[in-house]
Amino acid sequence: MILCHILGAGGATPLPGHSPAAYHMEVDGDPILLDPGPGALVRLVAAGRAPGGVDDVAHLLLSHLHPDHCLDLVTILFAAHSPLPACTDPLLITGPPGLRYLLERFTGIWGSSLEPRRRELQVREVVAGEAFDLPGGGRVEGFAVDHPQDRMAEVCLGYRFLDGEGRSLVYSGDTGPCPGLTRAAAGCDLLVVECSTTDELATPGHMTPTGVGELCAAAAPGRVALTHQYPPAAELDLRPLVGRHTEIPVIQARDGTVLSVPAPEGEPTP
Ligand SMILES: [Zn+2]
């Protein structure tokens, strides 16, 4: 089973109900904090997903290194440096090439105050096409997407999450339409895809309702959930715009939207 609790359905310019990126994933019970953008730890705790605070953060997974997807690394590492947390389990950070560079730069500013006090920090860089297994039997596969990014990394990733039964949730990260995303999303049970902007304000490296609709027509996921909505996209009902191109259920996420694979009785719900 795969759960995706959307803690941030917005982008870098937040609106009420659309905070910067943050997703609490569970794949066969293994928790992953995906794309910890600004405020991710606060929202994780407020959502009741981490009653033990930072002690409940075991695995951080980054799609790319733009601040709206990774800035709370600093918050989380500083919290883990505090004398208060008791957890002694390793803290794993997985992300694209450039992750180590980013962490070195953070450490260059804040020094040892970003070293977890009781936990071993494990850093793993993955490249497109690389997969890793989760302790509970799930699996995560990285794939390259099309998103311009200066300096920090050569590649931005999306991820395909698979549970032990072979069910799949595909997360686009930030991307424009690209063949790699279509291939990764093909036949998945649930596609969680960015829909940053409107057709009228189409921006390279990002998706629009028409782009998402055409992607769904080509890849035929079971359901699609729209996330990473900037204004004005976040203020519109995007579902009929996507629905012009596809008949699958369309969910327009807000902060707090919970998605699951398989879908619970009664889905789709906006
Ligand atoms: Zn972004």
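Computed quantities for the displayed model
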{"read-out": "Amide H contacts under 5 Å for Ala225, placed H, 5+ residues apart", "value": "Leu191, Val192, Val193, Ile251"}
{"read-out": "Diffusion coefficient, µm² s⁻¹, Stokes-Einstein with Kirkwood Rh over alpha-carbon pairs of the chain at 20 °C and 1.002 mPa s", "value": "117"}
{"read-out": "Computed magnitude of the charge dipole of region 2-261 (debye, nearest 20; Cβ of K, R +1, Cβ of D, E -1)", "value": "240"}
{"read-out": "Amide H contacts of Leu121 (H built 1.01 Å from N, under 5 Å, at least 5 apart or other chain)", "value": "Leu91"}
{"read-out": "Computed [θ] at 222 nm, deg cm²/dmol, the chain (DSSP H ≥ 4; -39,500 (n - 2.57); rounded to nearest 500)", "value": "-5500 deg cm²/dmol"}
{"read-out": "Potential extension, Asp199-Met1 segment - 0.36 nm per residue separation minus Cα distance", "value": "67.9 nm"}
{"read-out": "Portion, in percent, of the accessible area of the chain that falls on carbon or sulfur, probe 1.4 Å", "value": "56"}
{"read-out": "Segment Tyr101-Val123, length gained on full extension (0.36 nm per residue, minus Cα span)", "value": "6.8 nm"}
{"read-out": "Length-normalised contact order of the chain in % [C-alpha pairs under 8 Å, at least 6 apart]", "value": "19"}
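The values are calculated or read from the model by the stated rules, or taken from the named source; none is laboratory data. A quick note: this is a predicted structure, and the numbers were derived from the prediction, not measured. Quick reminder, even Gly has a Cβ in these numbers, built from the backbone with ideal geometry, and neighbours come from all protein chains shown. Ligands, DNA and RNA are stripped out before the accessible areas are found, and what is left, the full protein with its side chains, is counted by its heavy atoms. Shrake-Rupley method; radii C 1.70, N 1.55, O 1.52, S 1.80 Å.
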